[in-house]
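One structure is given below, encoded as structure tokens.
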Amino acid sequence: MAGHFTSRDDKNDHKLFGDDIRFGNILVDKETFQITAVLDWEFWYVAPAQFLNSPPPWLMLKEPWEWDQNDEEEYKVKLRLYTKIMEEEEEASGQDHSFSCLMQRYMDDGTFWYNLAVRESFCLPQLMKHCWALKTMQGLEPPSDLDSFLNYKMDQLRHRRGAIVVNGNPK
């Protein structure tokens, strides 16, 4: 599943993301308006650049894992309006429509749900239901027991960490 959603656009580019960047977490010089500090780094992480192309879940003011079918349909309408405005802005600034088009495609092909599942692991089962329901995933079977699957992946991670060597020392 990861290969389906991540190999197309990011070309292994990764960016620094901050999920809690807001006015209360930024200090600014009152004379120059230059940012002097960013506070509260708890929700910062490095992730595939494709996360930038994901549609913003905040268009609904309700968490996506809480959406019902009506919410999802309403979100798609709001997203279409949002991407239409983006297209107009892209055109006005002489840019192509690649950003708005990718954002819409990520909603249409399910990458939106996959990216959310990667970022919001505490609600993984609810988000993965959307991923497994996609037409492109119909030939694949979801793990019958998600807990044992997650334990298997954690064992793989521990094994990989044990295999990492930095300057001749296992890390």
Quiz item: Is it true that Phe149 is more than 18 Å from Pro48 (Cβ to Cβ), aromatic (Phe, Trp, Tyr) and either modelled with pLDDT of 65 or more or assigned to a helix (DSSP H, G or I) (or both)?
Solution: yes
Quiz item: Are any of the residues in segment 77-95 of a type outside the set (Gly, Ala, Ser), closer than 19 Å to Leu52 by Cβ, surrounded by 11 or more Cβ atoms within 10 Å (Cβ to Cβ) and modelled with pLDDT under 90?
Solution: yes
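The values are calculated or read from the model by the stated rules, or taken from the named source; none is laboratory data. Quick caveat: nothing in here was measured; it's all calculated off a predicted structure. So basically every Cβ, Gly included, is an ideal-geometry build from the backbone, and we count neighbours across all protein chains shown.
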